[in-house]
1. Rounded to the nearest percent, how much of the accessible area of region B:30-108 (1.4 Å probe, protein heavy atoms only) is carbon and sulfur?
2. Among DSSP bridges having both ends in chain B, what percentage is antiparallel? Round to the nearest 5.
3. For chain A, report the accessible area per residue in Å² (1.4 Å probe, heavy atoms, rounded to an integer).
4. Residue by residue through region B:8-13, which ³J(HN,Hα) values in whole Hz follow from phi under the Karplus form 6.51 cos²θ - 1.76 cosθ + 1.60 (θ = phi - 60°), with glycine and proline marked x?
5. Let me know the mean shielding of A:56-68 by other chains, meaning the per-residue number of their Cβ atoms within 10 Å of its Cβ.
6. Shielding of B:31-42 by partners, i.e. mean partner chain Cβ atoms within 10 Å per residue?
7. With a 1.4 Å probe, how much accessible area is buried between chains A and B, both sides summed, in Å² to the nearest hundred?
8. Measure off 7 Å from each Cα along the Cα-to-Cβ vector at A:Asp62 and B:Gln55, then give the distance between these two points in nanometres to one decimal.
Amino acid sequence: DAGVTQSPTHLIKTRGQQVTLRCSPISGHKSVSWYQQVLGQGPQFIFQYYEKEERGRGNFPDRFSARQFPNYSSELNVNALLLGDSALYLCASTRRGSGGETQYFGPGTRLLVL
Amino acid sequence: GIQVEQSPPDLILQEGANSTLRCNFSDSVNNLQWFHQNPWGQLINLFYIPSGTKQNGRLSATTVATERYSLLYISSSQTTDSGVYFCATNFGNEKLTFGTGTRLTIIP
């Protein structure tokens, strides 16, 4: 099975622009989460979606929004980009089983805001 | 919220050495995962270990939930083990809180 896929791999934007990042979960996984990782820090939770509904939101401004589609893929949108939005954006899909919940991460999208 | 701290923050070892990485968490949790982030940024699952001990090749992990810590052991280190190791946990929802990370550098 293919792993979690994300696109694009790299992106350069200028301040004030808008960006859309995409994620496809592992086949059979219905939950997608988004994380932001700035240089030198651990990933920070942004959103979690399950069955197309938002199930959790981290401490991020309203400029950040997301949605999940019927095929469980997801988009993360960031409006009015700031220099501080430069980061690696990670998507994770979740496997739920008898062994518990395990998150699997995609390769990430590196966003640079100039 | 949950606080997750890791130690040491940095570790430099010769190839072939063994290492122990520690993760302390501030509250009771029912999920504990260890990840390896390679130099290209990919986060790779190593263990899902809310309690007990697991082993996978040269790596093993132990979580003592009652004492709120987990340990990751790496034996016979190889240069490909270099990268940042994160532990992460949650309360059962899927929001993971990541630790501060341990940067491991293996010197040939």
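The values are calculated or read from the model by the stated rules, or taken from the named source; none is laboratory data. Everything numeric in this text was worked out from a predicted model, so none of it was measured. As a convention, Cβ positions derive from the backbone with ideal geometry for all residues, glycine included, and neighbour counts pool all protein chains shown. The accessibility values were calculated without ligands, DNA or RNA, using every heavy atom of the protein model including side chains. Shrake-Rupley method; radii C 1.70, N 1.55, O 1.52, S 1.80 Å.
1. On the way: 1760 of 3360 Å².
Ligands and nucleic acids excluded, carbon and sulfur give 52 percent.
2. So the antiparallel bridges in chain B amount to around 90 percent.
3. Working: 5570 Å² over 114 residues.
That works out to 49 Å² per residue.
4. Using θ = phi - 60°, the values come out as x, x, 9, 8, 10, 9 Hz.
5. Mean partner-chain Cβ count within 10 Å for A:56-68: 1.
6. 3
7. 1600 Å²
8. Label-label distance for A:Asp62 and B:Gln55, simple model: 5.6 nm.
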